[in-house]
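K.L.:
Have a look at this one before I ask anything.
The values are calculated or read from the model by the stated rules, or taken from the named source; none is laboratory data. No experiment lies behind these values; they were computed from the predicted model shown. Glycine gets a Cβ as well: all are built from the backbone with ideal geometry, and neighbour counts include every protein chain shown. Heads up: the accessible areas ignore ligands, DNA and RNA and are worked out on the full protein's heavy atoms, side chains in. Shrake-Rupley method; radii C 1.70, N 1.55, O 1.52, S 1.80 Å.
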Amino acid sequence: MARKRYPDVRSLEPGLLTRAFFDSLRKLDLRRQKENPVMLLVELGGILTTAVFLAGLAGRSGEPPLFTGLISLWLWLTVFFSNFAESLSEGRGRARAASLRRARQSITAKRLRTPESTKDIRVVSSADLRPGDLVVVGPGETIPGDGEVVKGAALVNEAAVTGESAPVIRESGGDRSAVTGGTTVIASEVIIRITAEPGKTFLDRMICMVEGAERRKTPNEVALQLFLISLTIAFLAVVCNLDPVSRFSAATAGTGIPLSATILTALFVCLAPTTIAALLPAIGIAGMDRLFRKNIVALSGRAIEAAGDVNVLLLDKTGTITLGARQASEMIPVDGQPREGLVEAAYLSSLGDETPEGKSIVEFASRIRKVPVALPEGARPIPFSASTRVSGIEHGGTLYLKGAADSIIRSVQAKGGTVPLDLEAKVTGIASAGGTPLVVCRDATILGVIHLKDILKSGIRERFHDLRRIGIRTVMITGDNHLTAATIAAEAGVDDFVAEAHPEEKLRLIRDYQAQGNMVAMTGDGTNDAPALAQADVAVAMNNGTQPAREAANIIDLDSDPTKLLDIVEIGKQILMTRGALTTFSIANDVSKYFAILPAALVGIYPTLSALNVMGLSTPFTAILSAVIFNALVIPLLIPLALKGVRFRPIPASTLFTYNLVIFGLGGIVTPFIGIKLIDMALSTVVHL
Amino acid sequence: MAIPDPLMDGATVLGFLLLVSISAVLFGRYLARVYSGGLSRGPFGKIEAGIYHTIGTEPDQESGWRQYAKDMLLFNGIGFGVLLVILLIQGFLPLNPMGVPGFEFHHALNIAVSFVTNTNWQVYSGETAASYLTQMAGFTVQNFLSAATGISVAIAVMRGITRRTTDRIGNFWVDLTRTVLYVLLPVAFIAALVLASQGVIQNLDPYVETSGGTAGPRLIAMGPVASQEAIKELGTNGGGFFNANAAHPFENPGHLTNLFEIFLILLIPASLPFTFGELSGRRREGIAIFAVMLALFLLAFAGLYAAEWYGNPTLARTGVSGIPMEGKEVRFGLGGTALYAVATTATSCGSVNAMHDSLTPLAGMVPLLLILLGEAVFGGAGSGFYTYLAFIVVAVFIAGLMIGRTPEYLGKKMERREITMAVVVILVPTLLVLLFTAVALLIPAGAQAMLNPGPHGLSELIYAYTSMANNNGSAFAGFDATTPFFTLTGAFVMAVGRFVPAVAMLALAGALAEKKTVPSSPGTLPTATPAFVLWMIFVIVIVGVLTFFPLLTMGPVAEHFRMIGGI
């Protein structure tokens, strides 16, 4: 199938970079900066040191203007880098939103009074449509708003929303009635009942989310920011305390001068968790963007985070664990009948059968018989009917039929045929293996049994194995009988299954799991899934699902591929992991910054403290400047990590923890020692401070 | 005695800590029984029931965290009022053989707050300023009650973590009564007898006049020491009967009493992790908590011992041999001094058997650091445990993120409210220290209080506010804290440093109790593994020390480098 996705927006595209650059400058506005209190304080620090620098130029400061000037420059750069990270991540979303917005333009709609009165049309703007309004949309016209088809069926091109160019059928009644505003009808005419307020359509919500415009902070983000602000307050108290303490020390030591405002500001900025504070917004937006690149739209940021916490996955068997339909996997003759006869009869009986099962039988047989798939001349297909419950073909006066065992036996016995003795054993054999037996007969002779089997999606077993390793329970839900369900469950390696389940049972199951403290994710598409979707913590609706299902869900999969749930879990975890890793890194960095700044700042008062200058930094000024520069540079260096996310590994939590602790904790302590030393070496060759 | 034997001292300390550990496991289980009501059916159950009847509480009626906190504050408020009155009018009260007058108001206020908050920061000399009635009915009673308050809050916090979907975390009056009746009274009673048998005095006699030999006539202070000594150590109160505290031979006569007193200091704080293990049904969690505390304790001991052993090279060059003994008691030696200093500052006890002021700069930094860590290493009776839990919340918060899940501890999700409360517990004492040392340096009274110049004077000031904010009560002697500025700001710091974290922890417990418990899976971060133990140590040290790095550099560290530089 031809597949056109959104063109991948590259983060380093010149246009995006330019836009992000100017946007970052605009964000220096203090009113906008207050969204990120840590960076707001850094910016205030920058203003303070700039004032000291200007005073120095006027000869009113004891410090060399080159030093205060460079410190100010790098403090401004720190804020700029932080803004840039956010702008860059927003920019990628905005580029995508622009293409969505083209589909959302205001269009005219043909409103009806009743579904019958197709002649009584009033042309209105799509912005004036309200839920409950009926509109008629003809070929080549754009659907003016979200709704459901109440009359007719049409071929719809949904590329504007899904990026998928192959048209889909939307028809009244059933599970394929939902239509999305902005998509285009290709053929025939439908009447649609509008279900969404203008401005709150699926497309609107999608644009909001990818743009990050209406981005509300998620609970975890709020908690983390609170922690970061607390740390910042503590460090603010530290430098405020350092002023009188250094005054006192200088006075009693009789040498040296108290720490200047520039040095105190530099120390504060280095200690404050600027790395994580700068990258925090970008991490969330970029996570959303990664989902979108997989054609998944999260309608709330909360849902993605919840996905990281999910410990129970409810999965429909069909479509998620197995391929859509059962397929022929074996043909077993009975009563010593030749296998060729059975294969031919099975082939002929299925030629007129358009169901996936029928097609799979034809395919299976033609692989053995190597004949082209074509209906023989003069053949008369006998379609499946509810009364006979068999289907087949009449060809050359002979009747080839296939169907459930009891139906075929009845049909054969009516014609005076006998039932082979080994039939029952073979039929139950297949059934007890979880398969579906189809008996084939030619006129009054039973030839054998076709084994129809559920085929697992490739790679699904491995994914379940990975999920188990990270502590997620998978529960399969199927309408099949217990035996069939158990076989598939064992084959796929799910932890649990519910057989003969009604859709309503999902709701009960989710509530049970939640009552035990679990976070539950599920996918759904049908209207009867809607209550369960509304209850689940992470509810993924297929884009080809019904409108109620899509409204109850908090994540929409545009590809309608239920296995995507696993990707969502992964990205949810990645977002949290990236935050945790950068927080640890940021705090661990402080150790080396103390070792860079404190000896440099205090050596005037207590010369013996130069013993703490373990990095051997050249002069006090370059030492402090190097720490500030490292602190600033680490932000753009980590932007790629923030945008891509820390790599997710399907390993148990304890191993993952140790792993990340070594990389970001230990690495966070060691890296800046090296970085600051290198910057100092470079700096001391360039400037003389 | 002036030449210590590190091998011998090391072996003694390890053996001693083994004994503490075994006792803690057993005593921890006993505590779990006490608070599950296991002893209320025993012989003392009648007394317990009688007490509930008198104060009119229904023992089965538990309350939410707000009520629990209100009861706790009310009870401590009354205790404060009573003690304040006793201190002001002790001159008119009986049991005052030496006829000491009442305290000045700002002193009385400071002392009352200090005993109610389990700090026992003493701005007075016991033997010259307090009557026997004040010592017994005032100080000893508060020693029991402030310790019981801390333990009760810790037990309520444990309930909050282990319960699910309820808003009840216990009945303060029940926890308090059980603590006093089944824990503090019996142990203190036995301990007092043991101490008395080893030479600690216990009488109500007037002070004894001696000829004093060549030094001239001397007045030897007397008093009911053993009974107060026992609870002062057991309840991690630390307020000495005498000014010299446990360095005084009537409080701590010899090696054996020294070890016994250290044992009493550590007993309850070391047992509570095991109590938690029992009450939560996860013994491994209790062991992990104990392991972190023990590891930090051993590190501190080794550091202090090594720094003292290293001594002062400038003095060594002048031909003085042996370790510095000024301010230490020869009868305890370096081992007994170091162990006491670490135990009393790791917990929030604050009684001392040597002058911490006299330790070499880096050795003196160890007690300071231990107090700065905010009581997370064993800590005060009860308060240590709940402070440690605040560190756990922060540690699992970051660690949980690193594995990609909303952080959780024992199945409880750590969200905004929990983080807020944990940060309050950790940050409030820190901010108090930073704020008030700065203020003290900005006004003339601050510098005047320091009896030593330069970095050592700064260490004294930092130590004073750190000790008060974390309810330790020990002091870097050589600091005059009796002026109104210090008594009043000190009272404020002690009260805020005690009750704000306690109430925040109760709020945290209330929030946790309401939550569901997430079943654990391979995706859950295990918190009883060596990796997590290391992580906890890292978090406690980093979060505890990071904010004090500059202060420590300009105090003890600068002093150290000046010392080796020979300045």
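K.L.:
Just checking, does region B:470-478 include any residue being part of a helix (DSSP H, G or I) and surrounded by fewer than 24 Cβ atoms within 10 Å (Cβ to Cβ)?
P.N.:
No; the residues of region B:470-478 include none that is part of a helix (DSSP H, G or I) and surrounded by fewer than 24 Cβ atoms within 10 Å (Cβ to Cβ).
K.L.:
Going through A:Leu271, A:Leu242, A:Leu267 one at a time, which residue ends up being in contact with an Asp or Glu (Cβ under 8 Å, 6 or more places away or on another chain), at the interface with another protein chain (Cβ under 9 Å from one of its Cβ atoms) and not small (Gly, Ala, Ser)?
P.N.:
A:Leu271
K.L.:
Let me ask another. When you scan region A:407-431, how many residues do you find that are closer than 14 Å to A:Ile450 by Cα and exposed (fewer than 12 other Cβ atoms within 10 Å of the Cβ)?
P.N.:
Total meeting the criteria: 1.
K.L.:
Still on this structure, I have one more. Those residues that are modelled with pLDDT under 85, open to solvent by 40 Å² or more (accessible area, probe 1.4 Å) and within 14 Å of chain B (Cβ to nearest Cβ), I need them from region A:469-505; list them, please.
P.N.:
A:Arg469, the sole residue that qualifies.
K.L.:
Scan B:Arg29, B:Arg33, B:Arg41 and give me the residue that is surrounded by fewer than 13 Cβ atoms within 10 Å (Cβ to Cβ) and of a type outside the set (A, V, I, L, M).
P.N.:
Answer to the check: B:Arg41.
K.L.:
Are any of the residues in region A:446-456 out of contact with any helix residue (DSSP H, G or I) (no Cβ under 8 Å at 6 or more places or on another chain), over 30 Å from A:Ser349 (Cβ atoms) and open to solvent by less than 60 Å² (accessible area, probe 1.4 Å)?
P.N.:
So far as region A:446-456 goes, no, none of its residues is out of contact with any helix residue (DSSP H, G or I) (no Cβ under 8 Å at 6 or more places or on another chain), over 30 Å from A:Ser349 (Cβ atoms) and open to solvent by less than 60 Å² (accessible area, probe 1.4 Å).
K.L.:
On the given criteria, is A:Leu73 in the same structural domain as A:Ile257 (by TED's automatic domain parsing) and either open to solvent by 60 Å² or more (accessible area, probe 1.4 Å) or at positive phi (or both)?
P.N.:
yes
K.L.:
While we're on this one: Within region A:164-182, which residues are modelled with pLDDT under 70, touching a helix residue (DSSP H, G or I) at 6+ places or on another chain (Cβ under 9 Å) and under 23 Å from A:Ile107 (Cα atoms)?
P.N.:
Passing the criteria: only A:Ser165.
K.L.:
Give A:Glu394, A:Glu363 a once-over and let me know the one that is surrounded by fewer than 19 Cβ atoms within 10 Å (Cβ to Cβ), outside the structural domain of A:Ala492 (by TED's automatic domain parsing) and under 46 Å from the mean Cα position of the chain (by Cα).
P.N.:
A:Glu363
K.L.:
Give region A:290-303 a look and list any residue that's in contact with a Ser or Thr (Cβ under 8 Å, 6 or more places away or on another chain) and open to solvent by less than 10 Å² (accessible area, probe 1.4 Å), or say none.
P.N.:
Result: A:Asn295, single match.
K.L.:
Can you find even one residue in region A:397-406 that is part of a strand (DSSP E or B), open to solvent by less than 60 Å² (accessible area, probe 1.4 Å), farther than 16 Å from A:Gly358 by Cα and touching a residue at least 24 places away in the same chain (Cβ under 8 Å)?
P.N.:
yes
Results for (1) free of Cβ contacts under 8 Å to residues at least 40 places away in the same chain; (2) touching a Lys or Arg at 6+ places or on another chain (Cβ under 8 Å); (3) open to solvent by less than 10 Å² (accessible area, probe 1.4 Å), shown as yes or no for each residue.
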position	(1), (2), (3)
A:Leu66	no, no, no
A:Gly69	yes, no, no
A:Thr78	no, no, yes
A:Ser82	no, no, yes
A:Ser87	no, yes, yes
A:Gln105	yes, no, no
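K.L.:
Considering region B:425-464 alone, what residues qualify as being of a type in the set (A, V, I, L, M), part of a helix (DSSP H, G or I), surrounded by fewer than 23 Cβ atoms within 10 Å (Cβ to Cβ) and more than 9 Å from chain A (Cβ to nearest Cβ)?
P.N.:
B:Val428, B:Ala445, B:Ala449 - these are the residues of region B:425-464 that are of a type in the set (A, V, I, L, M), part of a helix (DSSP H, G or I), surrounded by fewer than 23 Cβ atoms within 10 Å (Cβ to Cβ) and more than 9 Å from chain A (Cβ to nearest Cβ).
K.L.:
List the number of the failed condition for A:Arg410; all other conditions in (1) in a loop (DSSP other than H, G, I, E, B); (2) of a type in the set (D, E, K, R); (3) at pLDDT 85 or above hold.
P.N.:
Among (1) in a loop (DSSP other than H, G, I, E, B); (2) of a type in the set (D, E, K, R); (3) at pLDDT 85 or above, A:Arg410 violates only (1).
K.L.:
May I pose another question? Give the number of residues within region B:179-200 that are open to solvent by less than 40 Å² (accessible area, probe 1.4 Å) and out of contact with any Pro (no Cβ under 8 Å at 6 or more places or on another chain).
P.N.:
Total satisfying the criteria: 11.
K.L.:
Residues being surrounded by fewer than 19 Cβ atoms within 10 Å (Cβ to Cβ) and either within 14 Å of chain B (Cβ to nearest Cβ) or within 22 Å of A:Val239 (Cβ to Cβ) (or both): count how many of those fall in region A:609-632.
P.N.:
5
K.L.:
Right, something else. Considering only residues that are of a type in the set (Gly, Ala, Ser) and buried (at least 20 other Cβ atoms within 10 Å of the Cβ), look in region A:660-689 and name the one that is farthest from the other protein chains (Cβ to nearest Cβ).
P.N.:
Of everything passing the filter in region A:660-689, A:Gly675 is farthest from the other protein chains (Cβ to nearest Cβ).
K.L.:
Could you say whether any residue in region B:230-241 is part of a helix (DSSP H, G or I) and open to solvent by 60 Å² or more (accessible area, probe 1.4 Å)?
P.N.:
No, every residue in region B:230-241 fails to be part of a helix (DSSP H, G or I) and open to solvent by 60 Å² or more (accessible area, probe 1.4 Å).
K.L.:
B:Pro101 fails exactly one of the following numbered conditions: (1) open to solvent by 40 Å² or more (accessible area, probe 1.4 Å); (2) part of a helix (DSSP H, G or I); (3) at pLDDT below 95. What is the number of that condition?
P.N.:
(2)
K.L.:
Before we move on, is A:Arg94 open to solvent by 50 Å² or more (accessible area, probe 1.4 Å), within 21 Å of A:Arg290 (Cβ to Cβ) and either in contact with a Leu (Cβ under 8 Å, 6 or more places away or on another chain) or not β-branched (Val, Ile, Thr) (or both)?
P.N.:
Yes.
K.L.:
Residues that are among the basic types (Lys, Arg), open to solvent by less than 20 Å² (accessible area, probe 1.4 Å) and outside any loop (DSSP other than H, G, I, E, B): does region B:277-291 have at least one?
P.N.:
Looking through region B:277-291, none of the residues is among the basic types (Lys, Arg), open to solvent by less than 20 Å² (accessible area, probe 1.4 Å) and outside any loop (DSSP other than H, G, I, E, B).
K.L.:
Same structure, new question: Scan region B:510-549 residue by residue and report those that are outside any helix (DSSP H, G or I), more than 7 Å from chain A (Cβ to nearest Cβ) and open to solvent by 30 Å² or more (accessible area, probe 1.4 Å).
P.N.:
B:Lys515, B:Ser520, listed by residue number.
K.L.:
Could you grab me the full set of residues in region A:540-569 that are among the acidic types (Asp, Glu) and surrounded by fewer than 21 Cβ atoms within 10 Å (Cβ to Cβ)?
P.N.:
Residues satisfying the conditions are A:Glu551, A:Asp559, A:Asp561, A:Asp567.
K.L.:
What do you reckon, is A:Phe657 open to solvent by 10 Å² or more (accessible area, probe 1.4 Å), hydrophobic (A, V, I, L, M, F, W, C) and outside the structural domain of A:Leu576 (by TED's automatic domain parsing)?
P.N.:
Against the criterion (open to solvent by 10 Å² or more (accessible area, probe 1.4 Å), hydrophobic (A, V, I, L, M, F, W, C) and outside the structural domain of A:Leu576 (by TED's automatic domain parsing)), A:Phe657 does not qualify.
K.L.:
Which one is nearest to the other protein chains (Cβ to nearest Cβ) among residues in region A:228-239 that are more than 20 Å from B:Pro455 (Cβ to Cβ) and open to solvent by less than 10 Å² (accessible area, probe 1.4 Å)?
P.N.:
So, considering only residues that are more than 20 Å from B:Pro455 (Cβ to Cβ) and open to solvent by less than 10 Å² (accessible area, probe 1.4 Å), the one nearest to the other protein chains (Cβ to nearest Cβ) is A:Ala234.
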